[in-house]
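Worksheet: one structure, shown below.
The values are calculated or read from the model by the stated rules, or taken from the named source; none is laboratory data. Because the structure is a prediction, the values reported are computed rather than measured. Cβ placement follows ideal geometry from the backbone for every residue including glycine, while neighbour counts extend to all protein chains displayed. What goes into the accessible areas is simple: the full protein's heavy atoms, side chains included, and nothing from ligands, DNA or RNA. Shrake-Rupley method; radii C 1.70, N 1.55, O 1.52, S 1.80 Å.
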Amino acid sequence: MSHMPTVAIVDDDEAVREALGDLLMVSGLACECFEGAAEFLAARRVRQFDCLVTDIRMPGMSGIDLIERLRDERAELPVIVLSSVLDDATRSHALAIGARAWLTKPVTDEHLLGALAQAIASSGSSSKR
């Protein structure tokens with residue numbers, strides 16, 4: 001496999017970003033971490049990502065706002081929500097607007113890695129568009 005999938009992690013909690021980054025790297029995935037949605041969107045203009053893992057509650061642009069922005073741009077980037085939010089309406093909305101999965105913190109490594117593998121595989125090379 002010539003292309004190592006690259007996952008973008010958007011979470012305002014530094015400890016979460018570091019833990020997820022470490023997990024993905026030891027699992028054979030490249031990752032890039034962002035403190036907020038605006039920072040990710042700026043990087044996305046010049047770099048390609050194969051999947052996005054985002055929190056919901058963040059200062060500035062929320063994870064829901066980010067998913068809506070990607071949908072409006074017709075981005076084919078698979079999105080996985082990783083959040084401590086337990087609100088069913090928010091979860092349903094995120095899935096309705098394009099999130100591939102909603103995982104609740106804390107999540108097991110196996111559950112997260114399985115969701116990532118499925119999201120990356122299902123997107124194929126379409127994330128290059």
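Some observations on this one:
- Cα→Cβ-extended label distance, 7 Å offset, between D65 and L95, nm: 2.5
- Taking the chain and dividing mean pair separation by its residue count, relative contact order in percent (alpha carbons under 8 Å, at least six apart): 23
- Using a probe of 1.4 angstrom and keeping all protein chains present, the accessible surface of the range 1-109 works out to 51 square angstrom per residue.
- Cα centroid separation - the range 48-66 against the range 69-129, whole Å: 10
- Computed over the range 1-69, the range of Cα coordinates on each principal axis works out to 36, 26, 15 Å, biggest value leading.
- Each residue, E14 and H111, gets one label point 7 Å from its Cα in the Cβ direction; the gap between the two is 2.8 nm.
- A simple spin-label model places the labels of D88 and L23 2.6 nm from each other, with each point 7 Å out along Cα-to-Cβ.
- The chain: Rg to Rh, with Rh as the Kirkwood radius over Cα pairs: 0.92
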